[in-house]
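Working notes, beginning with the structure itself.
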Amino acid sequence: MAEQELTGWKKWMGEVGEQTTFLSGFFRNLFTGGFEWSEFVRQCYEIGYRSITLVGITSFIMGVVLTLQSRPTLVKFGASSMLPYMVCVSIIREIGPVITAIICAGKISSGIGAELGSMKVTEQIDAMEVSGANPMQYLVVTRILATTIMIPVLTLMGDVLGLFGGFLAVHFADHTSWQLYFNKCVSSVDFTDLLPAVIKTVFFGFAVGFIGCYKGFNSNNGTESVGIAANSAVVSASLWIFFLDVVAVQITQLFFY
C-alpha cells in the first residue's frame, strides 16, 4: 500500500512538472515574434460565436429557474420586492461566471483536447515540427488566448440573458414592469460586484484553454488516448474552475466586501 501511494505521489509530481514546463513554453512562445493572427481570429470565432447559443439558452433558463425557485420563499417573508436584487447579484457574482465556465469546459476544453490529441496520434504535430513550423505557437498559444478572451465575453452575454429570463419570470408572476425591474437591478449592483466577476472569468478561460491544450498535446499513442484526453480535459478543467472560484471568493471577501 505504501509503495502504491509513493508511486501515485511520484506520478502526480511528475504531471505537475510537465504542466509547469508546458506553461513556461506557452509564455515563452507568447512573447516571441510571428504571432498567428489568422488562427487566433479563427479560434475566437470557433470558441466564442459557436458557443453563444448554448451559453445563452442555459443562462436564460437559469435566470428563470432561479427566480421561480426563490420567489415563494421571499413572498413568505414579505420580501418579494427584493427578488430583482437577489437575482441580479446572484447571477453577476457567481452563477453566471461559474455556469458559463463549466459549459465551456465541457464543450471547448474537450474539443481542444480531442482535436490536439488526434493531431498528436496521427503525427501531424511532429510533421509541423519537421516542416519548420512552431506547433506550440500555432496550436497552443492561439487557443489559450482565445479562451481567455472569449469566455469573459460569453459570461457578460450570459449575465444579460439570465437577467432577462429573471425579468420574464417576475413579470408573469407579479406583473413587474421592465423599467422597475431594470432600475432595481442597476441600483443593486456595484462596481465591486462586476469587476471581481469579470476578472475571475479571465482565469477561468485560461484554465479551460490550458488544460485542453495540455491534455491533447501530451496524448499517448493510440486512438484510445484521444477519448481519454477529451474526458480528462473536462474533469480537470471543471476542478480548476471550482478551485479558482473558491480562491476568487476569498480574495473578493478580503478586499471588496
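Given the DSSP H assignment, sum -39500 (n - 2.57) over each helix run of at least 4 residues in the chain and divide by its residue total; what's the result at 222 nm in deg cm²/dmol, nearest 500?
Rounded to the nearest 500, it is -27000 deg cm²/dmol.
Per residue of the range 16-30, in order, report the coupling 6.51 cos²θ - 1.76 cosθ + 1.60 (Karplus, θ = phi - 60°) as ³J(HN,Hα) in whole Hz, putting x for Gly and Pro.
Per residue, the Karplus-derived 3J(HN,Hα) values read 4, x, 5, 5, 5, 5, 5, 5, 5, x, 5, 5, 5, 7, 5 Hz.
Sort by residue number and report every cysteine in the chain with no other cysteine beta carbon within a distance under 4.7 Å.
So, Cys44, Cys104, Cys213.
In a GNM of the chain with a 10 Å cut-off on Cα contacts, which of Ser51, Ser131, Ser232 has the highest mean-square fluctuation?
Ser131
For the range 126-257, what is the Kirkwood estimate of the hydrodynamic radius, computed as the reciprocal of the mean inverse distance between distinct Cα atoms, to one decimal in Å?
Averaging 1/r across every pair of different Cα atoms and inverting gives 17.8 Å.
Starting at the first residue of the range 65-78, write each ³J(HN,Hα) from the Karplus equation 6.51 cos²θ - 1.76 cosθ + 1.60 with θ = phi - 60°, in whole Hz, x for Gly and Pro.
5, 4, 5, 5, 6, 8, 4, x, 5, 5, 5, 4, 9, x
Just to verify a number: FRET efficiency for Leu195 and Asn134, C-beta to C-beta distance, R0 = 30 Å, to 0.05?
0.25
Rounded if a/c is under 1.5, else prolate if a/b is larger than b/c, else oblate: which is the range 99-201, with a ≥ b ≥ c the root eigenvalues of its Cα gyration tensor?
Numbers: a/c = 5.31, a/b = 2.90, b/c = 1.83.
Note, shape of the range 99-201 comes out prolate.
Testing the spin-label approximation: label points 7 Å from Cα along Cα→Cβ at Leu74 and Phe182. State their distance in nm.
About 1.9 nm, to one decimal.
Using the Karplus equation 6.51 cos²θ - 1.76 cosθ + 1.60 (θ = phi - 60°), what ³J(HN,Hα) coupling, rounded to whole Hz, does each residue of the range 46-59 give in order, writing x for Gly and Pro?
Once rounded to whole Hz, the list reads 5, 7, x, 5, 6, 9, 4, 4, 5, 5, x, 5, 5, 5.
Check the chain and count each lysine pair with an alpha-carbon distance under 30 angstrom, considering only pairs eight or more places apart or from different chains.
13
Are there any chymotrypsin sites (Phe, Trp or Tyr not before Pro) in the range 43-83 that are in a DSSP loop and have at most 14 other Cβ atoms within 10 Å? List them by number.
Phe77
For Thr53 and Val202, what is the calculated FRET efficiency with R₀ set at 30 Å and r taken between the beta-carbons, to the nearest 0.05? Display every interim value, and only then the final one.
Working: r = 23 Å, r/R0 = 0.76.
For R0 = 30 Å, the calculated efficiency reads 0.85.
Mind jotting down the distance between the C-alpha centroids of the range 233-248 and the range 139-184, whole Å?
Between the Cα centre of the range 139-184 and that of the range 233-248, the gap is 21 Å.
Cut-off 10 angstrom, C-alpha nodes, Gaussian network model of the chain. Which of Thr147, Thr58, Thr176 fluctuates the most?
It is Thr176.
Coordinate-derived values only; no laboratory data. Model, not experiment: these values are computed from the prediction. FYI the Cβ positions are ideal-geometry reconstructions off the backbone, even for glycines, and counts take in every protein chain you see.
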